[in-house]
Amino acid sequence: MSKPSQPIGLFDSGIGGLTVAYAILQQLPAESILYFGDTARIPYGTKPAETIRQYSESITRFLLSKGCKLIVVACNTASAAALTHLRQLWPDVPIVGMEPAVKPGAIATRSGKVGVLATAGTFKSQRYASLMHRFAKSVELLENPCLGLVELIEAGEVDGPRTEELLRDVLTPMQAAGADTFVLGCTHYPFVLPLIRKIAGPEAAIINPAPAVARQVERLLLERDELSHEALPRHRFFISGQDGKFKKMAELILGFEVEVEEGILL
Ligand code: DGL
């Protein structure tokens with residue numbers, strides 16, 4: 001058993017998982033979080049699954065060595081490649097993963113066409129094939145790996161013309177084909193939600209699974225009697241690269257000042 005005051009550990013290839021950290025802190029403001037961004041090895045989406053499994057294992061080991069009571073794989077690509085493996089390695093640790101919200105997308109669409117934005121690694125995975133098989137029998141999924149988008153977001157270009165152009169190239173054909181619902185299947189993409197909204201229009205349904213993941217974290221902690229009641233939670237941030245942008249982006253999304261420990265190579 002862990003103590004309620006122990007932190008929740010999250011990791012991603014970079015800043016993407018901060019969108020999940022934000023949702024968790026909105027839902028559970030008394031929790032402390034410990035975040036690892038693998039900025040030296042980003043992107044994950046174009047690397048082989050076996051490589052991502054190894055990265056995920058060493059990062060999870062690091063988070064557990066720092067006393068995390070629960071792990072959130074705050075990256076769809078890493079969840080697709082490594083979630084089963086991590087749960088086998090640490091059967092007693094609650095480990096929560098991300099997956100593209102194909103089921104909510106299939107429920108939300110009126111046109112029967114859902115645009116899915118995720119990385120190449122996620123699309124290639126067994127987990128994604130299983131989601132399609134289970135939940136997308138009666139709808140059509142229009143997929144795009146959004147090449148280069150993660151890098152632009154990581155560079156802080158969340159509203160620049162290059163990002164807008166890339167998103168127009170992704171979304172316009174989907175809309176022309178009839179998509180009325182868009183699933184954000186990569187944790188970096190909520191950073192560009194305002195741009196996606198601008199291009200897709202006010203009527204489109206845009207699904208970010210992070211709040212549902214935060215509720216799942218709450219359910220698991222409640223079940224285990226490990227919900228924190230700390231008046232002064234403490235958050236820590238580690239990155240593998242040396243990157244001034246991370247701090248700025250973390251403060252932008254979380255809304256408070258953060259200290260970042262850089263160059264943590266695992
Ligand atoms: N944020 C990650 C995800 O949710 C992937 C980004 C990357 O390609 O590194 O899939």
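At-a-glance table
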read-out	value
Candidate set: the stretch 116-126, residues that are in a helix (DSSP H, G or I) and buried (at least 19 other Cβ atoms within 10 Å of the Cβ); chosen: the one farthest from the ligand (Cβ to nearest atom)	123
Helices (runs of 4 or more DSSP H) contained in the stretch 134-247 and holding at least 2 residues surrounded by fewer than 16 Cβ atoms within 10 Å (Cβ to Cβ), within 19 Å of the chain's Cα centre (by Cα) and within 16 Å of the ligand (Cβ to nearest atom)	210-223
Selection within the stretch 64-115 - within 12 Å of the ligand (Cβ to nearest atom), β-branched (Val, Ile, Thr) and in contact with a strand residue (DSSP E or B) (Cβ under 7 Å, 6 or more places away or on another chain)	72, 73
The lone exception for residue 42 - which of (1) under 21 Å from residue 226 (Cβ atoms); (2) within 16 Å of the ligand (Cβ to nearest atom) it fails	(1)
Number of the exception - residue 92 against (1) over 19 Å from residue 216 (Cα atoms); (2) free of Cβ contacts under 8 Å to residues at least 24 places away in the same chain	(1)
Any pair with Cβ under 8 angstrom, 6 or more apart, that starts in the stretch 119-147 at a residue that is over 24 Å from residue 163 (Cβ atoms) and of a type outside the set (S, T, N, Q) and ends at one that is more than 12 Å from the ligand (Cβ to nearest atom) and in a loop (DSSP other than H, G, I, E, B)	139/109; 139/112; 140/112
The stretch 248-266 - residue that is in a loop (DSSP other than H, G, I, E, B) and in contact with a strand residue (DSSP E or B) (Cβ under 9 Å, 6 or more places away or on another chain) and, of those, nearest to residue 158 (Cα to Cα)	258
Residue identified as without any contact (Cβ under 8 Å) to a residue 60 or more places away in the chain and not hydroxyl-bearing (Ser, Thr, Tyr) among 251, 218	251
Some residue of the stretch 205-215 being out of contact with any helix residue (DSSP H, G or I) (no Cβ under 7 Å at 6 or more places or on another chain) and of a type in the set (Lys, Arg)	no
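Just so you know, all these numbers are worked out from the coordinates, no wet-lab data involved. Small disclaimer: the values here were computed from a predicted structure and weren't measured. Neighbour counts run over all protein chains shown; Cβ positions are idealised from the backbone, glycine included.
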